[in-house]
1. Name the strands (runs of 3 or more DSSP E) wholly inside the range 56-154 in which the number of residues that are farther than 24 Å from V19 by Cβ is 1 or more.
2. Would the range 13-25 turn up any residue that is crowded, with 17+ Cβ neighbours inside 10 Å, under 23 Å from F118 (Cα atoms) and of a type outside the set (S, T, Y)?
3. Can you spot a residue in the range 53-72 that is at pLDDT 95 or above, in contact with a Pro (Cβ under 8 Å, 6 or more places away or on another chain) and not basic (K, R)?
4. Taking the range 26-55, which residues are assigned to a strand (DSSP E or B) and surrounded by fewer than 17 Cβ atoms within 10 Å (Cβ to Cβ)?
5. Do the conditions hold for L4, that is, is it among the aliphatic types (A, V, I, L, M), over 23 Å from G124 (Cβ atoms) and surrounded by 21 or more Cβ atoms within 10 Å (Cβ to Cβ)?
6. For the range 62-102, how many residues are free of Cβ contacts under 8 Å to residues at least 40 places away in the same chain and surrounded by fewer than 17 Cβ atoms within 10 Å (Cβ to Cβ)?
7. Mind listing whichever residues of the range 87-127 are closer than 21 Å to C38 by Cβ and within 9 Å of the chain's Cα centre (by Cα)?
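The values are calculated or read from the model by the stated rules, or taken from the named source; none is laboratory data. In this text, all values refer to a predicted model and were calculated from it rather than measured experimentally. Here the Cβ positions follow ideal geometry from the backbone for every residue, glycine too, while neighbour counts run over all protein chains shown.
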Amino acid sequence: MADLLVRLYDLPEYDYKRVIDQGVTLRRALAPERASVCEWVETHFSRHWRSEVETGFSHQPIDVWIAHDADGLLGFACGDVTARGFFGPTGVAEDARGRGIGEALLFKTLQDLESKGFAYAVIGDPGPVDFYKNKLDATEIPASKPGIYRGMLK
């Protein structure tokens, strides 16, 4: 499986109504939320993803998008943290999956990258390749090395 390339200047329109109607708020994270968001990411996903989220919080503006409702955090997505122009990491709480939250965070993050002047985004080591291809017309990057960052220290 290869890394994927997304044309940001040609993103399809996205309707956030589905998640908003569920009482979900999508927004850029705030600096005072750093500790709680990072702890949540490490608890639900991994220490490595926490490190990438911490990098997103060090940017101005912050490159971490979150989804939450009245009960708390539901998901997150980062852009421009693993490497310049990269999408991810991203994750949604297990009990909140299937509600369109991850897709909404994907579009928020990609639209933000486009607003910063990027023409393309890379989705490195993508999980659901067919999802990205269908939703974004993403294309595989020939000879890319997905998981190149897997050689990190544990």
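1. Numbers: elements: 64-69, 72-79, 86-92, 120-123.
So the answer is 120-123.
2. Filtering the range 13-25 for residues crowded, with 17+ Cβ neighbours inside 10 Å gives 19, 24.
If we keep only those that are under 23 Å from F118 (Cα atoms) too, we end up with none.
For the range 13-25, residues crowded, with 17+ Cβ neighbours inside 10 Å, under 23 Å from F118 (Cα atoms) and of a type outside the set (S, T, Y): absent.
3. Taking the range 53-72 and keeping what is at pLDDT 95 or above, we get 53-72.
Add one more test, that the residue is in contact with a Pro (Cβ under 8 Å, 6 or more places away or on another chain), and what stays is 53.
If we keep only those that are not basic (K, R) as well, we get 53.
Yes, that holds for at least one residue.
4. Just the residues of the range 26-55 that are assigned to a strand (DSSP E or B), to begin with: 26-28.
Listed by number, the residues that qualify are R27, R28.
5. So L4 fails the test.
6. Here is the first cut: in the range 62-102, the ones free of Cβ contacts under 8 Å to residues at least 40 places away in the same chain are 62, 64, 71-73, 75, 77-78, 80-81, 84-86, 88, 90, 92, 95-98, 102.
Subset that is surrounded by fewer than 17 Cβ atoms within 10 Å (Cβ to Cβ): 71-72, 84, 95, 97-98.
Of the residues in the range 62-102, 6 are free of Cβ contacts under 8 Å to residues at least 40 places away in the same chain and surrounded by fewer than 17 Cβ atoms within 10 Å (Cβ to Cβ).
7. Hits for the range 87-127 are F87, G88, P89, T90, G91, G102, L105, L106, K108, T109.
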